[in-house]
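Novice: First, the structure itself, so that you have it in front of you.
Just so you know, all these numbers are worked out from the coordinates, no wet-lab data involved. Because the structure is a prediction, the values reported are computed rather than measured. Cβ coordinates were reconstructed from backbone atoms using ideal geometry, including for glycine residues, and neighbour counts include every protein chain displayed.
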């Protein structure tokens, strides 16, 4: 099963996209004005690595495709396949 | 159900004519009963300063008449509005209407200034002549005000009376003499009194008969506007053809 | 000019901002101090009236402050009227809520007034901080920065500036979000998780629509 989330293309969200792209297990492709961020079974993104402010961090997820957020706190975002 | 129409009059404190003439006109209506309720704004001398001070009392008068639950309210001082600048009757009427609406009153709002202008438009008057009691500078402002509304004032007279109580005592023959001195050539309508304080009701019909053109006064224009505002027929005898607008044409 | 060019077609969206937003006050003196003297919003209109409608209604005054852009905030002060409800409960002059009502809910209803830049935001912060109603918080959201306080009537007032213009991507995203919200609400399963799942479906379904919409010149790009 694949975990997949969408993030809107905005300047503030770029940190999330950059961290995902730097992770060899994660695939990032544009879909419309969004980035599709996917990985086999689990995606983990470290908040501090993204440099996102809290307000941005907690509103970065635009959509969940067959997936569920299992962690979204000051440390990390974890999305797993359902 | 009592079908009496309650008419509210906002009048200068020194005005005695409007409360005399308006009931005399409207009580001749056969279709409707009227009662009259007035509230007064302090004003003795017709000067710009006193007129401005008087306008500031308007809000209180509207509240007093609103309490009486009147159906229609007439701001009965023409020069107070016309001396405050072109088109001022619209802002004054809007202000009163807004105040009434805010308090949930559905009373119709008129001003003698607006009624005169609107009545002249309704009569299709393009060129008029008029008699005013005012001092010359104020009379000039009244003339300019009417002309700004697209009505040409071909000739006019100012009787130059400043004391408002004295305006209420101007004899009819003096008003008629002024009217007779006007050049009425090409005039559609004669306004025999552009003031609700200068007595003129008994002059309107005789003047119309003498000059052979429609004659109105600030009072008959006000009565016309009141009848129109409440949707009553305009069919009143003996005060000029304006107030017989809706009368059945007699079979010849 | 062709006939088509002469034809004036009115847009569907025809409104022009806030004429006025009106609230009751039981303390007109403090209200005037807050809006006129501290924030320096000019008094622009007032109406004295009595209640002439069918309801029993006290005498009152309705007064207006300019909040820029020809928009106004207005208050009603009713002579002799006492506040309603338990005054120790959370709420404002308009209403008191039940004592257990959480503050986030009480503060959810608020008025946000726009300023152009950081300098202006800080100017209002300075005015409020020197008053009886200092700024309670200053927050940087995703794309805006805001200061908040409660006015003398307990109404939450926000003054806010944009950190950058809203992008076409964000407009598109908002449309999708609201469509997803309506769908999950009407399906009887309104959770954030359900919304994000529904939105993923819409993102995939409408990606092509977004791509093709990028080809013609967009209205938003015509604005300099």
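Novice: Relative contact order of chain A, please, whole-number percent, based on alpha carbon pairs below 8 angstrom and at least 6 residues apart.
Specialist: After rounding, I find 40 percent.
Novice: Beta carbons within 10 angstrom, averaged per residue: use that to sort the peptides B:206-213, C:71-78, A:30-37, highest first.
Specialist: Ranking the peptides B:206-213, C:71-78, A:30-37 by packing returns A:30-37, C:71-78, B:206-213.
Novice: Can you tell me the 0 to 90 degree angle between the C-alpha axis of helix C:168-186 and the longest principal axis of chain C, rounded to 10?
Specialist: 80
Novice: Let a ≥ b ≥ c be the square roots of the eigenvalues of the Cα gyration tensor of the range B:116-219; is it rounded (a/c under 1.5), or, if not, prolate (a/b larger than b/c) or oblate?
Specialist: oblate
Novice: Additional query: Between the range B:99-118 and the range C:48-87, what is the C-alpha centre distance in whole Å?
Specialist: That distance is 22 Å.
Novice: Ignore the peptide's own chain and count Cβ atoms of other chains within 10 Å of each Cβ in B:116-122; give me the average, rounded.
Specialist: What the average comes to for B:116-122 is 0.
Novice: For the pair residue C:139 and residue A:70, how long in nm is the line joining their label points, each one 7 Å along Cα→Cβ?
Specialist: Modelled inter-label distance: 3.1 nm.
Novice: Another question about this same structure. Could you state the number of Å between the C-alpha centres of the range B:202-251 and the range B:13-63?
Specialist: Between the Cα centres of the range B:13-63 and the range B:202-251 lies a distance of 20 Å.
Novice: For chain C, take the longest principal axis of its alpha carbons; what is the angle in degrees between that and the long axis of helix C:192-213, to the nearest 10 within 0 to 90?
Specialist: Long axis of C:192-213 versus the principal axis of chain C: about 50 degrees.
Novice: Another question, then. In whole Å and largest first, what semi-axes does the C-alpha gyration tensor of the range C:139-184 yield when each eigenvalue is scaled by 5 and square-rooted?
Specialist: They are 28, 17, 7 Å, listed largest first.
Novice: What residue among C:168, C:11, C:42 shows peak mean-square fluctuation when chain C is described by a Gaussian network model with Cα springs under 10 Å?
Specialist: C:11
Novice: Extending each Cα 7 Å along its Cβ direction at residue C:8 and residue B:122, get the distance between those two points in nm, one decimal.
Specialist: So the two model labels end up 3.0 nm from each other.
Novice: Hey, for a label at residue C:118 modelled as a point 7 Å past Cα toward Cβ, could you say which residues of the range C:146-169 have their backbone N under 17 Å away?
Specialist: C:146-147, C:160-165
Novice: Going by alpha carbons, how many degrees (0 to 90, nearest 10) lie between the helix axis of C:118-129 and the longest principal axis of chain C?
Specialist: Rounded to the nearest ten degrees, it is 20.
Novice: For the range A:2-81, with equal point scatterers placed on the C-alpha atoms only and solvent neglected, what are the log10 I(q)/I(0) values from the Debye formula at q = 0.14, 0.24, 0.26 1/Å, to two decimals?
Specialist: Summing over Cα pairs of the range A:2-81 leads to -0.36, -1.19, -1.44.
Novice: For chain B, what is Rg from Cα atoms divided by 2.2 N^0.38 Å, rounded to two decimals?
Specialist: The reported ratio for this selection is 0.94.
Novice: Restricting to chain B, compute how many DSSP beta bridges are antiparallel as a %, nearest 5.
Specialist: Within chain B, antiparallel bridges account for around 5 percent of the total.
Novice: Please report, in whole Å³, the volume per residue of the convex hull around the C-alpha atoms of chain C.
Specialist: 241
Novice: Gap in Å between the Cα centre of the range B:132-180 and the Cα centre of the range C:100-161?
Specialist: 58
Novice: Which whole number gives the average, over all residues in A:24-36, of C-beta atoms from other chains lying within 10 Å of the residue C-beta?
Specialist: Mean partner-chain Cβ count within 10 Å for A:24-36: 4.
Novice: How high is the relative contact order of the range B:116-219? Use alpha-carbon pairs under 8 Å, at least six apart in sequence, and give a whole percent.
Specialist: 31
Novice: Would any residue of the range B:210-252 have its amide N under 18 Å from a label point 7 Å out along Cα→Cβ of residue B:202? List them or say none.
Specialist: B:210, B:217-220, B:237-240
Novice: Also, quick follow-up: 7 Å from Cα along Cα→Cβ at both residue C:111 and residue B:98: what's the point-to-point distance in nm?
Specialist: 1.6
Novice: Just to check, using Stokes-Einstein with a Kirkwood Rh over alpha carbon pairs, what's the diffusion coefficient of the range C:168-214 at 10 °C and 1.306 mPa s in µm²/s?
Specialist: This corresponds to a translational diffusion coefficient of 146 µm²/s.
Novice: Can you give the helix-only mean residue ellipticity at 222 nm for the protein assembly as shown, where every DSSP H stretch with n ≥ 4 adds -39500 (n - 2.57) and the sum goes over all residues, rounded to the nearest 500 deg cm²/dmol?
Specialist: -10000 deg cm²/dmol
Novice: Over all directions, the average projected area of the alpha-carbon convex hull for the range C:53-143 comes to how many nm²?
Specialist: 9.1
Novice: Now, a different point. Averaged across orientations, what area in nm² does the convex hull of the alpha carbons in the range C:121-224 project?
Specialist: Convex hull of Cα atoms, orientation-averaged projection: 10.0 nm².
Novice: Hull surface divided by four, with the convex hull built on the Cα atoms of the protein assembly as shown: how many nm²?
Specialist: 38.5
Novice: Tell me, what are the semi-axes, in whole angstrom and largest first, of the equivalent ellipsoid of the range B:69-163 as set by the roots of 5 times the Cα gyration tensor eigenvalues?
Specialist: Largest first, the range B:69-163 gives 26, 15, 11 Å.
Novice: DSSP beta bridges in the protein assembly as shown, what fraction antiparallel, as a percent rounded to 5?
Specialist: 55
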